[in-house]
Amino acid sequence: MSLAIFDLDNTLLSTDSDHAWGEFLLEQGAVDPVAYREANDQHMAAYEAGTLDILAYLAIALKPLAENSPEQLAAWHQQFMASKIEPHILPRGEELVARHRSRGDTLLIITATNRFITGPIAERLGIDDLIAVEPEVVDGRYTGRVKGTPSFQEGKVQRLEEWLADKELTLDDAWFYSDSHNDLPLLEKVDHPVAVDPDPTLREVAEARGWRIISLRD
């Protein structure tokens, strides 16, 4: 039995759920239509370039969670899943997860997107274990702050090491599937790094190092 780790956005999904949530909030009129769209697009570009200031981004991304009631957020998320996520769940991604499940592997999603967004997506994919950015909750409401280390770049490695220690597991013979060069710190830690529909930087590294490159797109 091995550990099979999956990035989520643009790996098992054909979209970025964090950016899609921002677009959804704009459609609901829940955020400033000019400033929020500009910030959402700028941070997406910075992520793709590998220059994202994750804490500055989270200060903006988590603010709507603090500004709305849990009931409103839950209702929105249900609509979001139907309109923005379900059409982007990749069947070949589900098949990949199923193959690892049939082998008895431990399944884990690790993502730089926050748990509010990604928890229901992991549940939809049938993956119980999730490492995500943790929004702080006080008295049943989000505060707009992040709790602990964001699971981004080197932070993914740190959070994974903590998770492994808690589960009494190791990275022996582990797999990690990702599309992004932001995940190179973790890809370099596993025995089976797999580039999934990789961005140009990750593709170049994967080709140079002889890593497996696959596509889950039609």
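The values are calculated or read from the model by the stated rules, or taken from the named source; none is laboratory data. Because the structure is a prediction, the values reported are computed rather than measured. Here the Cβ positions follow ideal geometry from the backbone for every residue, glycine too, while neighbour counts run over all protein chains shown. With ligands, DNA and RNA removed, areas are computed over all heavy atoms of the protein, side chains included. Shrake-Rupley method; radii C 1.70, N 1.55, O 1.52, S 1.80 Å.
Within segment 138-154, count every residue that is touching a strand residue (DSSP E or B) at 6+ places or on another chain (Cβ under 7 Å) and either without any contact (Cβ under 8 Å) to a residue 60 or more places away in the chain or in a strand (DSSP E or B) (or both).
Of the residues in that region, 7 qualify.
Within segment 112-128, identify whether any single residue is among the acidic types (Asp, Glu) and within 21 Å of residue 17 (Cβ to Cβ), and answer yes or no.
Checking segment 112-128: at least one residue is among the acidic types (Asp, Glu) and within 21 Å of residue 17 (Cβ to Cβ).
Tally up the residues in segment 16-49 that are more than 29 Å from residue 164 (Cβ to Cβ) and not in a helix (DSSP H, G or I), please.
Qualifying residue count for the region: 6.
Yes/no matrix, rows are residues, columns are (1) closer than 25 Å to residue 212 by Cβ; (2) touching a Gly at 6+ places or on another chain (Cβ under 8 Å); (3) open to solvent by less than 50 Å² (accessible area, probe 1.4 Å); (4) of a type in the set (Val, Ile, Thr):
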position	(1), (2), (3), (4)
124	no, no, no, no
130	yes, yes, yes, no
155	yes, no, yes, no
164	yes, no, yes, no
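Quickly run through segment 92-104 and pick out the residues that are in contact (Cβ under 8 Å) with a residue 12 or more places away in the chain, loosely packed, with under 13 Cβ neighbours inside 10 Å and either in a helix (DSSP H, G or I) or small (Gly, Ala, Ser) (or both).
Step one: list which residues in segment 92-104 are in contact (Cβ under 8 Å) with a residue 12 or more places away in the chain, which gives 92-94, 96-97, 100-101, 103-104.
Cutting the leftovers down to loosely packed, with under 13 Cβ neighbours inside 10 Å gives us 103-104.
Answer for segment 92-104, where residues must be in contact (Cβ under 8 Å) with a residue 12 or more places away in the chain, loosely packed, with under 13 Cβ neighbours inside 10 Å and either in a helix (DSSP H, G or I) or small (Gly, Ala, Ser) (or both): just 104.
Got at least one residue in segment 99-109 being small (Gly, Ala, Ser) and in contact with a strand residue (DSSP E or B) (Cβ under 6 Å, 6 or more places away or on another chain)?
Within segment 99-109, not a single residue is small (Gly, Ala, Ser) and in contact with a strand residue (DSSP E or B) (Cβ under 6 Å, 6 or more places away or on another chain).
Search segment 119-135 for residues that are within 15 Å of residue 85 (Cα to Cα) and without any contact (Cβ under 8 Å) to a residue 24 or more places away in the chain and pair each with any residue that is aliphatic (A, V, I, L, M) and open to solvent by 10 Å² or more (accessible area, probe 1.4 Å) when their beta-carbon atoms are under 9 Å apart and the residues are at least 6 apart or on different chains.
Close Cβ pairs (under 9 Å, with a partner that is aliphatic (A, V, I, L, M) and open to solvent by 10 Å² or more (accessible area, probe 1.4 Å)) amount to 119/130; 123/130.
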